[in-house]
1. Can you tell me which residues in segment 23-54 are acidic (Asp, Glu) and surrounded by 15 or more Cβ atoms within 10 Å (Cβ to Cβ)?
2. Which numbered condition in (1) surrounded by fewer than 17 Cβ atoms within 10 Å (Cβ to Cβ); (2) under 21 Å from the mean Cα position of the chain (by Cα); (3) among the small types (Gly, Ala, Ser); (4) closer than 24 Å to ARG30 by Cβ is the only one that GLY107 fails?
3. Take segment 84-104 and flag every residue that is among the small types (Gly, Ala, Ser), within 16 Å of the chain's Cα centre (by Cα) and buried (at least 20 other Cβ atoms within 10 Å of the Cβ).
4. For segment 211-242, which positions are outside any strand (DSSP E or B), touching a Lys or Arg at 6+ places or on another chain (Cβ under 7 Å) and surrounded by fewer than 12 Cβ atoms within 10 Å (Cβ to Cβ)?
5. Just name the residue that is surrounded by the most Cβ atoms within 10 Å (Cβ to Cβ) out of those in segment 260-289 that are within 16 Å of LYS241 (Cα to Cα) and in contact (Cβ under 8 Å) with a residue 40 or more places away in the chain.
6. If a residue counts only when it is farther than 16 Å from ALA76 by Cβ and touching a helix residue (DSSP H, G or I) at 6+ places or on another chain (Cβ under 9 Å), which strands (runs of 3 or more DSSP E) contained entirely in segment 247-322 have at least 3 such residues?
7. Kindly indicate whether LEU119 is part of a loop (DSSP other than H, G, I, E, B), touching a Pro at 6+ places or on another chain (Cβ under 6 Å) and crowded, with 18+ Cβ neighbours inside 10 Å.
8. For ALA22, indicate whether it is modelled with pLDDT of 95 or more, within 20 Å of LEU259 (Cα to Cα) and of a type in the set (Gly, Ala, Ser).
Amino acid sequence: MTGCYVRCVTPFTRELLSWFSANRRTLPWREARTPYRVWVSEAMLQQTQVATVIPYFTRWLTRFPTLEALAAAPLADVLKAWEGLGYYRRARLLHEGAKRVAAQHGGVLPTRYDELVKLPGVGPYTAAAVASLSFGEPVLAVDGNVKRVAARLFCLPGEVKVRDANARLTPYLPETEAGAFNEALMELGATVCTPRSPRCEVCPVSPHCGAYRAGQVARFPEPKMRKRVPRLHRFALVCKKDGALWLRERSQSEMLGGLWGFVLSETEPVGVKLEPVRHAYTHLKITATPVVVGAPPEVGAWVKVSELDALPLSRLDYKILEQVREMAVDKLA
């Protein structure tokens, strides 16, 4: 925090940074920090819990230790390293962004927010996080945690927009240590100002919190209207011969693009049905009934069962594969 206490002009900023200095968690992306490591961690942490990300981040840095290594890797290897983390579009865009940086910036990430935000998959939040944490640019990074903190601090009604949090919090952003300020806000939201049962008794900035002073912490942020999640029903076509399964690689324009899996059909085929498998995504729920068919569909390729571990598959396809193995498909086909 060198120089912070000289330049920060508000008690809120001083108290928040002092708390963060004493209470920050030890996380792998905070060690040996580089712009590339920050970028990867932020891509992984979007809509994913820290505990889930840690082992993925560690394995990723072993497999792709540098931006150049990521840019040179085949997409299938990238998706395999991401397998199970979900939201595979993040992995595809991270890979595409690395190739762009390698080709147009000599393998060195741009240092400014305005340039970072032009990269594939780098939105305003990620660009602000990388710019502030890696290069000290005084720009606010607003994620879900920060929006929740802002909602309670300033008693913001309705759904809190990024622009609302930005307008309220930017006056407290120090010219130096912007990265620490952003991390402190995120840490506060993740560990103290949590969605349920916030720990106001240990919050370093509770004296500045409008919701706390008014005794209305539970009111903010106001709950969002829940959208109805669509439910899909599909048939997974299972065809096997000579120790190989018929699978297809999904196109980049499809959900789970770039991953391999069973052919899914809306129409029930002729064959032996197995027990349905279910999987929930953020935006939909799917029930897939495996059906053992006699001939392979038109699109796809034979993949040896012994080679499946090398291919990136979705969790839905792993569930189908488990069902296929349990039902001894060799005896059905």
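The values are calculated or read from the model by the stated rules, or taken from the named source; none is laboratory data. Given the structure is predicted, the values throughout are model-derived calculations rather than measurements. So basically every Cβ, Gly included, is an ideal-geometry build from the backbone, and we count neighbours across all protein chains shown.
1. Once the filter is applied, which keeps residues that are acidic (Asp, Glu) and surrounded by 15 or more Cβ atoms within 10 Å (Cβ to Cβ), segment 23-54 yields only GLU42.
2. (2)
3. Those that are among the small types (Gly, Ala, Ser), within 16 Å of the chain's Cα centre (by Cα) and buried (at least 20 other Cβ atoms within 10 Å of the Cβ): ALA91, GLY97.
4. VAL229
5. Of everything passing the filter in segment 260-289, PHE262 is surrounded by the most Cβ atoms within 10 Å (Cβ to Cβ).
6. Working: elements: 263-265, 277-280, 285-292, 301-304.
Correct list: 277-280, 285-292.
7. no
8. On the way: modelled with pLDDT of 95 or more: yes; within 20 Å of LEU259 (Cα to Cα): no; of a type in the set (Gly, Ala, Ser): yes.
The answer is no for ALA22.
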